[in-house]
Amino acid sequence: MLAVLPHALVAACVVLVGLPMLNFPLGPDQAIFATVGKVVWEGGFPYTDAWDQKPPSIYFIYAFAIHGPLGVMKMVRVFDLLWLAATVAALVELGRRWWSLRAGVSAGLCYGLIYVTTSAYWHSAQPDGFIGLPLALALLLYDRARGRFGWLVCAGVLLGFAFQLRFISALLIPFFPLVELAAVPRGRKLRTWLRRMLALGAGFAAFQAAVLAYLTLGGALGEYIAATRWAGAYTKLGGPYSPEGLTWSNYWPAVRFSFLFWMLGRLLLTAPAVAGALVGVFIVKERRVQQVVLFVALAYLGIAAQAKFFTYHYFYLLLPAALLAGWAWDRCFGALRRSLATGAARAASAVIVALLALSTPEVLDVAIAQWRSNIAYYRDPDDRESFFDYFGPWNGGSFSYLASAATADYIAVRTRPEDTIYVWGYDPLVYLLAQREPASRFIYSFPLMTNWSPPHWKAEFIADLERRAPLYFLVQRYEGARWITGLTVDSGEYIAWFPALERVLAEDYTLEAEIEDFLIYRRVAGSG
């Protein structure tokens with residue numbers, strides 16, 4: 001029992017700092033995952049019954065995350081914190097096994113505190129944050145396996161799950177045996193590597209086979225492939241760092257500056273990680289550090305391959321960076337204790353940590369601000385609108401939680417549970433808050449707005465509107481990004497480019513209300 005106490009204490013510390021996240025609403029991305037997860041839980045299938053372009057592991061996670069007594073939004077936040085606690089505990093154990101308990105504790109704290117303070121509501125509960133736990137557990141299983149086939153197969157299954165969160169995780173797999181191979185005689189290195197890859201590959205392939213069988217069973221395999229192709233074309237558009245489109249001339253500055261922006265905003269993590277990498281690779285030549293540095297490089301290569309450079313993509317880099325930082329903090333504290341008296345060593349350690357914390361306002365200031373706003377949330381329940389006003393257009397695009405909530409309330413009192421609705425835009429949160437089903441598997445409009453989408457998608461969508469006849473059709477204006485659709489027009493303006501949809505709205509619907517960016521159309525009685 002005492003052996004797991006440090007793991008539990010570090011996890012509890014991280015959760016305590018992150019408690020304000022429980023009151024965060026869901027952004028559009030999380031609402032999409034929750035909507036698809038709900039369909040999966042109810043026996044439907046991703047892509048065919050609810051369309052999105054991510055690999056399926058995120059929907060399996062959300063299928064469980066959304067259930068509980070606190071409602072969909074809060075349950076997602078609870079699940080995210082519990083997942084984080086498990087990830088932190090795994091990191092503590094990983095650092096302990098590789099180096100020392102102090103290294104593990106430092107790594108767990110670095111990972112957890114950076115996550116809860118820099119992910120905010122938009123970037124948390126994303127595939128890139130969830131991927132840390134399967135990767136950490138896979139490393140632990142590999143370390144414990146000592147070449148035993150069954151343990152390695154289990155590690156491979158976890159890596160297969162991680163692959164279906166982010167395909168780029170496959171880059172790490174061939175280097176799992178790196179440290180083990182260093183101790184193997186030269187003539188046996190290739191044979192040992194092949195044996196480890198065979199075992200890992202068996203688990204990895206088993207998970208992929210299970211996913212493909214599941215999708216085939218639901219007739220969703222073809223649509224999974226189509227969604228993956230759609231995502232590949234979407235990637236080529238670039239992201240916010242390439243507002244005019246992705247070219248070689250603007251790609252390389254995005255590679256450099258997005259990483260620099262991420263690194264300088266997290267000095268409490270990145271400064272010791274960089275120092276640890278330099279010392280561990282070139283001076284001490286510590287094998288585990290060399291392996292983790294390679295993981296950092298491969299993770300960064302995967303982020304660069306996605307070409308979007310969204311903030312949450314860098315959470316994929318957080319696990320190896322936290323391990324490097326944990327090792328570096330351990331070496332630093334150890335050196336101070338050997339050079340100074342115990343009291344002086346502790347004081348010097350505290351000063352170093354404090355200076356780096358003060359140099360990382362994105363961590364320190366955000367943690368303080370989140371707790372202040374959380375206290376105000378409970379102290380003054382009548383003024384919670386000002387709390388939720390933070391999650392508005394200026395803080396993450398055109399999305400406004402208050403507009404989504406007000407629109408959902410408007411719809412809920414004017415419809416029956418069996419009525420369908422449709423949101424033409426990028427805000428499936430309305431479906432969840434109003435507890436009404438979408439009229440089409442295309443739960444947001446972007447896949448219907450791109451010139452690389454299969455032509456039959458639009459025809460299918462119009463057929464859905466005729467067959468399932470949504471009582472309310474909501475048009476979310478000003479929602480659209482060139483790096484998602486390749487267009488400069490927003491979702492509301494695009495209707496003029498979609499004559500079949502424009503005709504349905506003109507003939508079968510009448511404008512009933514307007515709430516912020518939402519135009520609310522009601523189906524005319526007897527239409528269709």
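Read-outs: derived from the displayed coordinates by stated rules, not from any lab. The shown structure was predicted, so the numbers you read here are calculated from the model rather than taken from an experiment. Cβ coordinates were reconstructed from backbone atoms using ideal geometry, including for glycine residues, and neighbour counts include every protein chain displayed.
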Could you derive backbone 3J(HN,Hα) for the stretch 355-361 from the dihedral phi with the Karplus parameters 6.51, -1.76 and 1.60 (θ = phi - 60°), listing whole Hz in sequence and x where the residue is Gly or Pro? 5, 5, 5, 5, 7, 10, x
Could you work out how much longer the chain between A209 and I225 gets when fully extended? Use 0.36 nm per residue separation minus the Cα distance between them, nm to one decimal. 4.3 nm
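Counting each DSSP H run of 4 or more residues in the chain as -39500 (n - 2.57), what helix-only mean residue ellipticity at 222 nm follows after dividing by all residues, to the nearest 500 deg cm²/dmol?
-20000 deg cm²/dmol
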If you line up the Cα atoms of the stretch 393-523 on their principal axes, what length do they span on each, largest first, in Å? 38, 38, 22
Projecting the Cα atoms of L135, F387, G150 onto the charge dipole of the chain, where Lys and Arg contribute +1 and Asp and Glu -1 at Cβ, the residue farthest towards the positive end is G150
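Count neighbours as other Cβ atoms within 10 Å of each site's Cβ, and list the trypsin sites (Lys or Arg not before Pro) in the stretch 282-371 that are DSSP loop with at most 14 such neighbours. Walk me through the intermediate numbers first.
On the way: sites: K285, R287, R288, K308, R331, R337, R338, R346; in loops: K285, K308.
Filter output for the stretch 282-371: K285.
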Computed E for L171/S527 - FRET, C-beta separation, R0 35 angstrom, nearest 0.05: 0.10
With the 8 Å Cα cutoff and a minimum separation of six or more residues, the chain has a relative contact order in percent of 16
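Stretch D389-R97 to full length: gain in nm at 0.36 nm per residue minus the Cα-Cα span? Don't skip to the end; give the middle numbers.
Details: separation 292, 0.36 × 292 = 105.12 nm, distance 4.54 nm.
That works out to 100.6 nm of additional length.
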Whole angstrom only: what separates the Cα centroid of the stretch 490-516 from the Cα centroid of the stretch 465-487? 9
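Taking 8 Å as the Cα distance limit and 6 or more residues as the minimum spacing, I'd like the relative contact order of the stretch 78-175 as a percentage.
Values: 90 pairs, mean separation 23.3, N = 98.
RCO, the stretch 78-175: 24 percent.
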Full-extension gain in nm, D382 to V351, via 0.36 nm per residue minus C-alpha separation: 7.0 nm
For a quick check of your reading of the filter: which GluC sites (Glu not before Pro) in the stretch 344-439 sit in a DSSP loop and have no more than 15 other Cβ atoms within 10 Å? E418
Cβ-based charge dipole, the stretch 437-528, positive-most Cα from A500, I520, S453: S453
